[in-house]
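What follows is a short report on a single structure.
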Amino acid sequence: MDQVKLTGAGAGSGKRLKAAVRKLPRTLYEGMGTGAADPLPRMGEPGWPVWRPVSWMVLVVLAVTIAVSNVNGGDGQAVTWQALLLSGLQSAALIAAMSRPMPAWWASMILMTVGTVIWEPLISKDRLYPWDIPAIALNCVLLFLVASRVRPWTAVRALVITVLAGVACLPFTTQPHNYDVERAVPFFVVATVLGGSLRGIRVARGQLVVQAELTAEERARRTLLEERNRIARELHDVVAHHMTVISIQAQVAPHLVEDPSDALRENLASIRENAVDALTELRRVLGVLRTEDTLAEGAHAPQPTLDRLDELVGTVRGAGITVVSESTGKRRPLSPGVELSAFRIVQEALSNVMRHAPGARVRVETGYHSSAVTVRVTNTAPDRAAGPSRGAGHGLLGMRERTVMLGGDFANGPTAEGGYEVVATLPLEDPA
């Protein structure tokens, strides 16, 4: 039984090893075969030691120096066109590494390995092998550029492959050499670590900037929410209290009068109903103010539209105001913004009439045109003086802001007969 278990475990390990070997090319391609790399830092961006133009100049000078060193380092051998071509391609790869680090590193490593194997018989025994000093410098710069632009694990694999490529050249030697693998590896490691550290600093600073932006947005959001909560509290303390008192007094008033008339009961009932509706509307608005989500539970109530205009006019008539309503043109569905704004403008205009023009007759006109809808609220001169105003109102300002927000036109002013008129023209929008 134990032998069977060991045999099964060995077979399983062999299968996993074979699967890993089959996946190795794909793993190398996904990690290193693509040109994916971090974008070049902008000029003056933290985490990049020099400006981009200076970096290009340094790489060009370094590439030319390495090319000249490769050509002149032939140990007295005649310079061939193959040597010139190889040195030029390696130098071009070094310059290309500024923008395409991974493809440039692959090209340089392949060129260097092939050149080392081909020219190995011509290299003197005293010269460093498989990398001479220019080759070590070239590899250090390439590994630095790769590590500063790609993920750390990819940079480590590039370092390992570079070392293995040098080691792979050793079995193909035809003569003894001054081997320098163990002396070159520390330089490669230092270059990779420096490049990775530079990338880590840049990434960390970028994350700090993003975190600072998120913190600022969160602080602004909290400040806005606190301000909205403060406004909601003040509205609730001031308006809701008085509306509740009005509702209770209207409900109690018939019981304080001996044998109240039906008209009095209807008026008081209308007052209480309006107060309750106002409280409901206020609670909905306060619910929106107190939450971050505009789709709060209280905001799901349907917004009033022009379909409720007759209901609004009936409520005003119940308060003792003579109102005539007229509609011209073909009624059709409008966008929610136009519907709501038109209704609110009429509502505010009628409220102004009740406050500032007692006893006046009101005419509400709604006109549907091909490209706009017009609402007009006109009242006659009041038959008595209005009571003192409690503070400065914002009704006209609100109506104007609603109209301008939709790109419409708003006009208001006294009429020739001594009354007052409010006209708002709202451009139509596609409700779809």
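On the basis of the beta-carbon distance and an R0 of 35 Å, Val185 and Thr215 show a calculated FRET efficiency of 0.20. Translational diffusion coefficient, Stokes-Einstein: compute it for the stretch 109-161 using the Kirkwood radius over C-alpha pairs as Rh, at 37 °C and 0.692 mPa s, and state it as an integer in µm² s⁻¹. The estimated diffusion coefficient comes to 267 µm²/s.
Counting Lys and Arg as +1 and Asp and Glu as -1 over every other residue whose Cβ lies under 11 Å from the Cβ of Thr380, the net charge comes to -1.
Rounded to the nearest whole Hz, the Karplus-based 3J(HN,Hα) values (6.51 cos²θ - 1.76 cosθ + 1.60, θ = phi - 60°) of the stretch 132-148 follow the sequence 7, 4, x, 5, 4, 5, 5, 5, 4, 5, 5, 5, 5, 5, 5, 5, 7, with x at glycine and proline. Amide H contacts of Trp131: Asp180, each under 5 Å away and 5 or more positions distant or on a separate chain (H built 1.01 Å from N in the peptide plane; Pro and chain starts excluded). Near the amide H of Ala372, within less than 5 Å, lie the amide hydrogens of Leu428, all on another chain or at least 5 residues away, with H placed in the peptide plane. Converting phi to 3J(HN,Hα) with the Karplus coefficients 6.51, -1.76 and 1.60 and the offset θ = phi - 60°, the stretch 105-111 yields 5, 4, 4, 5, 5, 5, 4 Hz in sequence order, with x at every glycine or proline. Computed from Cα atoms alone, the Kirkwood hydrodynamic radius reported for the stretch 115-210 is 14.4 Å. Each residue of the stretch 156-162 is assigned a 3J(HN,Hα), and the resulting list reads 5, 5, 4, 4, 5, 5, 4 Hz, derived from the Karplus form 6.51 cos²θ - 1.76 cosθ + 1.60 (θ = phi - 60°), x at Gly and Pro. Under 5 Å from the amide H of Ser335 lie the amide H atoms of Glu429, each residue being 5 or more positions distant or on a separate chain, with H modelled from the backbone and absent for Pro and chain starts.
Laboratory data are not the source of any read-out in this text; all were calculated from the coordinates shown. What you are looking at is a predicted structure, and each value in this text was computed from that prediction instead of being measured. As a convention, Cβ positions derive from the backbone with ideal geometry for all residues, glycine included, and neighbour counts pool all protein chains shown.
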